[in-house]
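Report on one structure; see the data block that follows.
The values are calculated or read from the model by the stated rules, or taken from the named source; none is laboratory data. None of these values were measured; they are calculated from a predicted model. Counting neighbours? That spans all protein chains shown, and the Cβs are built from the backbone with ideal geometry, glycine included. Areas reflect the complete protein model, heavy atoms only, side chains present, ligands, DNA and RNA absent. Shrake-Rupley method; radii C 1.70, N 1.55, O 1.52, S 1.80 Å.
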Amino acid sequence: MSDNHHDDEHHEHSLKPHIFNLLALFGLTTLTWFSAAYLKFGEPWDNLIALGIAITKASLVILIFMHVKEATRLVKVCAFGGFFWIFLFFAYLVGDVLTRPGTTTYEGWQPDVRKAVEAPIHHGHGGGHEGGHGHGEGHGAGHGEDHGHGGGH
Amino acid sequence: MSSQALGESKLHHHFETYEQQKETSFLGMWLFLAQEVMFFGGAFAAYVNYRTLYPEAFVAGSQQLDTTIGFLNTLVLLCSSFTMVYAVWAAQNSKGPKKIALGLYGTIFFGGIFLIVKYFEYGAKFAHHLVPGYNFIPPVQDIPHAESTEIFFALYFGMTGLHALHMIVGMGIMAVMLFGLHTGKSWAIWDRKNHNFVEGFGLYWHFVDIVWIFLFPFLYLLGAHPPSF
Amino acid sequence: MLDFPLFPESASTFAPKVDALYFFTLALTAFFTLLIFAAVLFMFVKYRRTEENQVGDPIHGSTLLEIIWSVIPFLIVMLLFFWGAQVFWVGVSIPEDAREYLVTGKQWMWKIQHPEGHREINTLHVPIGEKIKLTMTSEDVIHSFFIPAFRVKQDVLPGRYTQLWFEATKTGEYHLFCTEYCGAEHSQMIGTVTVMEKDEYQDWLAGGIVGSSPVASGEELFQQYACNTCHENSGDTLRGPSLKGIAGNAVTLADGASVNRDENYLRESIVRPSSKMVAGYQNLMPTYQGQITEEGLSHLVAYIKSLGSEADANENSGHGSSDHGESHDDEAADAESTESTEASAE
Amino acid sequence: MSQTTHGTTAEHEFPKEHYLNAAHGWKSWLLTTDHKRICILYLISVSVFFAIGGMYAGMIRLELVTPEGDLFQPDTYNRVFTMHAVMMIFFFLIPSIPATLGNFFIPLMIGAKDVAFPKLNLASWYMYLMGSSLALFALFKGGVDTGWTFYTPFSTTYSNSYVSTVAVGIFINGFSSIFTGVNFMATIHRMRAPGMTWFRLPLFIWAHYATSLIMVLGTPVLAITILLVGMERLFKFGFFDPALGGDPVLFQHLFWFYSHPAVYIMILPSMGVMSEIIATFTRKPIFGYHFVAFSSMGIAIIGFLVWGHHLFLSSQSVYASLVFSFLTMLVAVPSAVKVFNWGATLYRGSIAYTTPMFYALGFLGLFTIGGLTGVMLGTLGLDIHMHDTYFVVAHFHYIMVGGALFGYLGGLHFYWPKMFGRSARGFFPHLSALLIFVGFNLTFFPQFILGYLGMPRRYHVYPEEFQVLNVMSTAGATVLAIGYALPVFYMIWSLKRGEIAGPNPWGASGLEWQTQSPPILHNFESMPVVTEDPYTYHPPAQEGAGQPAAAHSAS
């Protein structure tokens, strides 16, 4: 789209901005990798930094590699409209999840990284989620008296 | 991919001018990409939902992934984006089919490396019992919602799988383009006046790159730990 | 044959509130529909084409009119929104002091248990004039518990508790429906709700086969799974938090977050103990997912809730009561953290 | 636009060359890229699916004549109502107006030779064909019993029917919808004839633009949702089943994020058709053109943000319910504005009594009822009682049949002469419209009462006291069925025997009526130039061109 209106003019495009852009993207990738690994500012901040860098990188790709910087307003709207729209969806979704009864409140919340960092322990213990699979056969089981109610008999 | 949406060497009957044809095909491509954003967005919405519900499990899941590999793979994919830009630049400035082909080969090369690395990463998941619904064992037990790490890996496989699928489709289209270039097909003569196809495909490839730019922090980085060298 | 109802029985304190809203919106709908039909028909006749080449007057619009017919509907729907929200709020505000029934939905029946222990399948007997609260869960798919005469409905989901409440005002038998499509015999997942005078209800209770009450069954389970080894009588230090008086209060978790210990929290803490660890405790408890039935879980939750006060606990539990004195320190600590975090939990 | 003769009596000859005879043989149809021919392909295929869906509707009504549920097994009944909804929603209503009338008339109305991407247009029809064939295949294998909403965990874990097959069918069909949307948006942006500014666009175009927006932004979310359901069924990935750690409410969010706006995909094009019909048969500009145009966009945009009103009782957060209820109320305002503006357009018009106009009048009344009952359902306190009862069933049939289908049938009668060069008018079209109106009300009005009485949806057996109303409903359905069947005969008859229409049989304004009927392959002999606002009708008193157009400035 860079040259919509100058197709016939001999206006040489330069590769330079793209090279700079690639270097900037390399830099940002290194930054986000480094900050995620070594800088710990606490739960919301780490995530916001990572997301902020991702959004910056995506914007650089869109604006420079995809030539949106020089494009018409309509194309700009198309390029960013989808992101805006899905963001609205996220906002609603998170709003619902956080205000549902029984959801943890997130004030001052810290993930328990300490434990998760420990070497993986392979308990041969899958019982927890296996319980549900069996229900599939329950389809035909109709009105039988509820077997084992209470579980304590 | 709507290949017919992209410009071809002749002015189609229903357009009045080349400019109209070009602008229309780019608008179509952008609308298609907006659609793709919503498509991947749905999967990201599932991610956002479950990360809000089970944060520790997602941190534990992230830590099963190797950030160094993810980091290097991101660089590889960015390189493929650059070679794509090079191909588009070569077409835009009438640099001849060889340079266009060079850009495309570079893109296929870097894309290929990315997929090969992904293949080994997937393999490691099978070995470590991290494939949901197949052989899953929660990697860390004593954290809240340890079982929900399974959802993290379901999303990991789902989202990276869809991304890889988009790359494979893209590489297929590039193979067709290269075939056209080498055999000198009339639709594959791309120069200053006519490069809609290359540029439109470039947009698609960059979009695939953007998806990964978000997948990388979401899956690998949020709650990562220092890499062990 | 042609004697058929046009309006449902109204038999709860909630029903008139919904009906008032219904009649208002119905009148509104009728008014606008008739207005538009009448206006359209009138103009249809009055401005009919009389000559072949006739054209209409080139009237392009009127901003004033547009504003009027945007603002008036806006005001009307805002009125409906606030009124509807207010009624809804009454519906979702579960009273604390209500009699609590446990409801478990499964394909395709409703299993109901009275606080005194009576079990019913697809029938529900309730006394008139008393607030009734249903705590519901499902064993398989999503169901929905619906009593048209009371105008109450709530989806019943697997893996979590939902609640609804009502206060019956009229004796009689009413329909009970499942309204969330749940498989082949969805339309058979029905039952009757019988509203009785209070003394009749007492007679009914006396005449029925008394099982153990949910609290008693819960306690039985509590003993059977030896929950007390960690949560009650383990000597010097409790390996798990004391369960007395915790239901309904907030607690600080190991990760610093604060959570209200409602039914869903208690259930999750049994099924997936590691999900929300109380601060200061190790993750020692195994998961009980798939080991205790949904009803059993409801019973355990009911039992834990019954431990609300020392007096309750003593009355309900014959065996374990001697150990209760041990855990005062923890309780105090619990209570403190409860107060400090209650604000953030709200 | 040049001066038009409003008379309809002039004798015409059937044009010698037109798009229907521009090429011959089955290849010329199956490989066509002409938007008009693709319209015909779609017309045939959606009609087939309407017939199948209608057949299932008949089976539902037949079963519900008696309260005992004696006609079908419960399982069969569940498959019947699911297939009715899947066929009607995904394979009839969503493509109905956009893919047929939209396809045919968007290029004609804006003065283009074709849509922006003709091959994509054909691809969209093949996508539709593949998706619908898969659904048909599943149907013949035994169907699917989850309800069209595919609620989890029933659909992912408990259902033993062909969920995955139908899911893949809907997934593929989604791309047909996306392609159509992309195509229309690019066409409307880039292919307009000289002088066709945004505010000279017919309201049909505005409505389709809003529809396309929803198609492009909403459909992919359904696609990914269906994909996640498929993965859960095939690989036991626990996205939605609580037994696997998932959250069934997330499914409902994702599903309704598309499926609520999908209702606007059905109704908005119908609103566009209504604007055209009403303007033509009153021979006057649409009252408040700008407001009607913007209300289409308003409905599309706000309509995207109200999906949560399907989740009031699903254990969604109460606060989310409040927000969604509020936004649902807001969406009522642009809808009301449209109805009032159409009503006001009749004032001092020159109203012709034609079949499309009868449909338009029916639409106005039924859409008002459907819309206002929708407001009732959006009212939180009332929804507790009405949710998932027949009240909902009646409400959305008033929107989808009284709104969308009336628009489709009205539009078909309106545009038939343009599409095929011959008119289908007279007694039978009038009779059919009347039967449909009466039959429809008889079928669905009793269901409002049933709903408030508490009869739940998707019940195959019901308490006896509901029988009388159910019998009334079934009786209405019979009348409705006759009404639907009539057009099949007289419209096919009209293709050969109908009166030759000429370019502008209704005396309408608009570019599509400037070219011959049926149009030539590339629509116009020469590029049209637009000089006037839409719906400009010149008084016939003085003959000849050069009359100043009627006052332009609105308001």
Say each of D:GLN73 and D:ARG497 gets a label point 7 Å from the Cα, pointing the same way as Cα to Cβ; how far apart are those two points in nm?
4.7
Could you compute the FRET efficiency for C:PHE37 and C:ILE67, with r as their C-beta to C-beta distance and R0 at 22 Å, rounded to 0.05?
0.35
In Å², nearest 10: area of D:HIS522 left accessible to a 1.4 Å probe
70
With a cut-off of 11 Å, note down the residues of the range D:438-454 whose backbone N falls inside the zone around a label point 7 Å from the Cα of D:GLU465 toward its beta carbon.
D:453-454
Which one of D:ALA477, D:SER132, D:PRO248 has its Cα pushed farthest toward the positive end of the charge dipole of the range D:19-513, where Lys and Arg give +1 and Asp and Glu give -1 at the Cβ?
D:SER132
Contour minus Cα-Cα distance for A:LYS76 and A:LEU48 (0.36 nm per residue)
7.6 nm
Under the Karplus curve 6.51 cos²θ - 1.76 cosθ + 1.60, θ = phi - 60°, whole-Hz ³J(HN,Hα) for the range D:382-394, x wherever Gly or Pro sits
6, 5, 3, 7, 8, 3, 6, 10, 5, 4, 5, 4, 4
With charges only on Cβ, +1 for K and R and -1 for D and E, what is the dipole size of chain D about its Cα centre, in debye, rounded to 20?
960
Name the residue from C:GLY207, C:MET196, C:ALA184 whose Cα lies farthest towards the positive end of the charge dipole of the range C:181-222, charges +1 on Cβ of Lys and Arg and -1 on Cβ of Asp and Glu.
C:ALA184
In terms of the charge dipole of the protein assembly as shown, which places +1 on Lys and Arg and -1 on Asp and Glu at the beta carbon, the residue among D:THR443, C:ALA257, B:ILE210 farthest towards the positive end is B:ILE210
Among rounded, prolate and oblate, which fits the protein assembly as shown when a ≥ b ≥ c are the square roots of the eigenvalues of its C-alpha gyration tensor, a/c under 1.5 means rounded, and a/b larger than b/c means prolate?
oblate
In terms of the alpha carbon gyration tensor, root eigenvalues a ≥ b ≥ c, rounded if a/c is under 1.5 and otherwise prolate when a/b exceeds b/c or oblate, the range A:14-70 is oblate
To the nearest whole number, what is the average tally of beta carbon atoms from other chains within 10 Å of the beta carbons of peptide B:198-209?
3
What is the magnitude of the charge dipole of the range B:37-221 about its Cα centre, with +1 placed on the Cβ of each Lys and Arg, -1 on the Cβ of each Asp and Glu, and no other charges, expressed in debye to the nearest 20?
980
When the scattering of the range D:67-182 is computed by the Debye formula from its Cα atoms alone, each counted once and equally, what is log10 I(q)/I(0) at q = 0.13, 0.19 Å⁻¹?
-0.57, -0.94
The Kirkwood hydrodynamic radius of the range D:428-471, taken as the inverse of the mean 1/r over all distinct Cα pairs, in Å, comes to 11.8
Set A:LYS16/B:LYS193; B:LYS193/D:LYS36; A:LYS57/C:LYS276, cut-off 25 Å on Cα-Cα distance; pairs above it are B:LYS193/D:LYS36; A:LYS57/C:LYS276
Which ³J(HN,Hα) values, rounded to whole Hz and listed in residue order, are derived for the range B:22-28 from phi using the Karplus coefficients 6.51, -1.76 and 1.60 in 6.51 cos²θ - 1.76 cosθ + 1.60 with θ = phi - 60°, glycine and proline given as x?
5, 4, 5, 5, 5, 4, x
Whole-number percent relative contact order across chain D, with pairs defined as alpha carbons under 8 Å at least 6 apart
20
Vicinal HN-Hα couplings computed from phi for the range B:42-50 (Karplus, 6.51 cos²θ - 1.76 cosθ + 1.60; Hz; Gly/Pro x)
x, 5, 5, 4, 4, 4, 4, 4, 6
Return the inverse of the average 1/r over all pairs of distinct C-alpha atoms in the range C:99-207, which is the Kirkwood hydrodynamic radius, in Å to one decimal.
13.8
Rounded if a/c is under 1.5, else prolate if a/b is larger than b/c, else oblate: which is the range D:251-324, with a ≥ b ≥ c the root eigenvalues of its Cα gyration tensor?
prolate
To the nearest 10 degrees, how steeply does helix B:97-127 sit against the main Cα axis of chain B, on a 0 to 90 scale?
20
Partner shielding of D:124-133, taken as the mean number of other chain Cβ atoms within 10 Å, equals 0
Rank-order C:151-160, D:271-280, C:165-174 by packing density, defined as the average count of other C-beta atoms within 10 Å over each peptide's residues, highest first.
D:271-280, C:151-160, C:165-174
Sparse-neighbour loop sites [GluC sites (Glu not before Pro); the range C:1-73; at most 11 other C-beta within 10 Å; DSSP]
C:GLU51
Once amide H atoms are placed 1.01 Å from N in the peptide plane, what residues at a sequence separation of 5 or more from D:MET196, or on another chain, have their amide H within under 5 Å of its amide H?
D:VAL530
Between B:TYR18 and D:LYS27, with labels modelled 7 Å along Cα→Cβ, what's the label distance in nm to one decimal, could you check?
3.2
Listed highest first by mean packing, meaning other Cβ atoms within 10 Å per residue, what order do D:190-196, D:344-350 come in?
D:344-350, D:190-196
Simple spin-label estimate for B:GLU121 and C:GLN202 in nanometres, 7 Å along Cα-Cβ:
7.0
Order the following by accessible area, largest value first: C:ASP97, D:ASP533. Probe radius 1.4 Å; ligands, DNA and RNA are ignored.
C:ASP97, D:ASP533
Note down the magnitude of the dipole of the protein assembly as shown about its Cα centre, charges +1 on Lys and Arg C-beta and -1 on Asp and Glu C-beta and zero elsewhere, to the nearest 20 debye.
5940
Tell me the accessible surface of C:ASP3 in square angstrom (1.4 angstrom probe, heavy atoms of protein chains only), to the nearest ten.
140
Calculate the mean, over all residues of peptide B:82-95, of how many other protein chain Cβ atoms lie within 10 angstrom of the residue's Cβ.
4
For C:LYS170, go through the lysines and keep the ones whose alpha-carbon is under 26 Å away, minus same-chain ones fewer than eight residues off.
C:LYS17, C:LYS111, C:LYS131, C:LYS133, C:LYS153, C:LYS198
Determine the order of D:LYS27, D:LYS36, D:LYS16, B:LYS193 by accessible area, beginning with the largest, at a probe radius of 1.4 Å.
D:LYS16, B:LYS193, D:LYS27, D:LYS36
Length-normalised contact order of the range D:32-122, Cα under 8 Å, at least 6 apart, in percent, tallies to 48
Between A:PHE26 and C:ALA20, what is the FRET efficiency for a Förster distance of 60 Å, r being their Cβ-Cβ separation, to the nearest 0.05?
0.35
I'd like the distance separating the alpha-carbon centroids of the range D:61-111 and the range A:42-93, in whole Å.
39
